[in-house]
Amino acid sequence: MERKPFIAGNWKMHMTVAAAEQLAAAVVATCSQVHDRDVAVAPPYTALAAVARVVAGTPVQLAAQNVHWEEKGAFTGEISPVMLKDIGCGLAIVGHSERRHIFFESDGLINRRLLGALRQGIKPIFCIGETLAEREAGRTLAVLEGQIRAGLAGVEPATAGQVVIAYEPVWAIGTGKTATENQAQDIHAFVRKLVGELFDKTVAGHMRILYGGSVKAENIDVLMRQEDIDGVLVGGAALQAEEFDRIIRFQ
């Protein structure tokens, strides 16, 4: 089934407003020449509004790095999906490994964020991934299945297609290590099969599943040749205009 490739850059806790505007302008310039794939950037909250102005009216989509589930309330430090929509943000990353392992966000909390985003029309980029210890213990598939079942609990089949899943093996994020293309393909195929069991084959066939974990210009082409890899969620390489340009222009 045909799925439009999706390249997303997670800028994490980097970039002043001025630097974010400059990088966003470079991404816009690239996307003015490449039309058969979706591209999104996820700046830090302080730069979201400024980047929104840069990408307005262009193919570049805007993502937040996290999202709360309520529209408003006494939740110091959180950002609601209504606030994100207000500045033109249509996507939000939920369940990133750094949220899970540094800030101890549980599967249940991540599920609330995902459902809250969907209720307001924000498309979640739902991250899953195993640690090195879990992989070495042979628990990769069990861990991923648990994360997927918990994270997608309560999602209706009619809205499931709005979810993008990003498989990011924790041991490959920022380490320079990357799952081989065969390892990544096997996991993506497993995820798609599980989505089909949770919803149906049509939802699974349309859902885009991204790979993340030390994605760079040197490995993007071979990753994107795999049948079930529909795009990438890029970290460090997305902070470098030329590197991200090459990733967007994968062949």
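The numbers here are math on the coordinates, done by the rules we state, and not lab data. What you are looking at is a predicted structure, and each value in this text was computed from that prediction instead of being measured. Here the Cβ is made from the backbone with ideal geometry for all residues, glycine too, and neighbour counts use every protein chain on show.
Observations
- Reducing the range 147-204 and the range 1-45 to their Cα centroids gives an inter-centroid distance of 22 Å.
- Karplus 3J(HN,Hα) series, Hz, for the range 183-197 with 6.51 cos²θ - 1.76 cosθ + 1.60 (x for Gly, Pro): 4, 5, 4, 4, 5, 4, 5, 4, 4, 5, 4, 5, 4, x, 6
- Neighbour-limited loop hits for chymotrypsin sites (Phe, Trp or Tyr not before Pro), the range 103-181 (at most 16 other Cβ within 10 Å; DSSP other than H, G, I, E, B): Phe103, Phe104
- A simple rule links phi to the HN-Hα coupling: the Karplus curve 6.51 cos²θ - 1.76 cosθ + 1.60 with θ = phi - 60°, which for the range 116-127 gives x, 5, 4, 4, 9, x, 8, 7, x, 9, 8, 8 Hz, with x for Gly and Pro.
- At q = 0.13, 0.16 Å⁻¹, base-10 log of I(q)/I(0) for the range 6-248 (Debye sum, equal scatterers on each alpha carbon): -0.75, -1.18
- Sites Leu109 and Ala29 - FRET efficiency at Förster radius 45 Å, r taken between beta-carbons, to 0.05: 0.75
- Distance between the pseudo-spin-label points of Asp186 and Glu71 (7 Å out from Cα toward the beta carbon): 4.8 nm.
- Virtual spin-label span in nm between Arg225 and Glu136, 7 Å along Cα→Cβ: 3.2
- The packing ranking of peptides 38-50, 8-20, highest mean first, is 38-50, 8-20, where packing means the average number of other beta carbon atoms within 10 angstrom of each residue.
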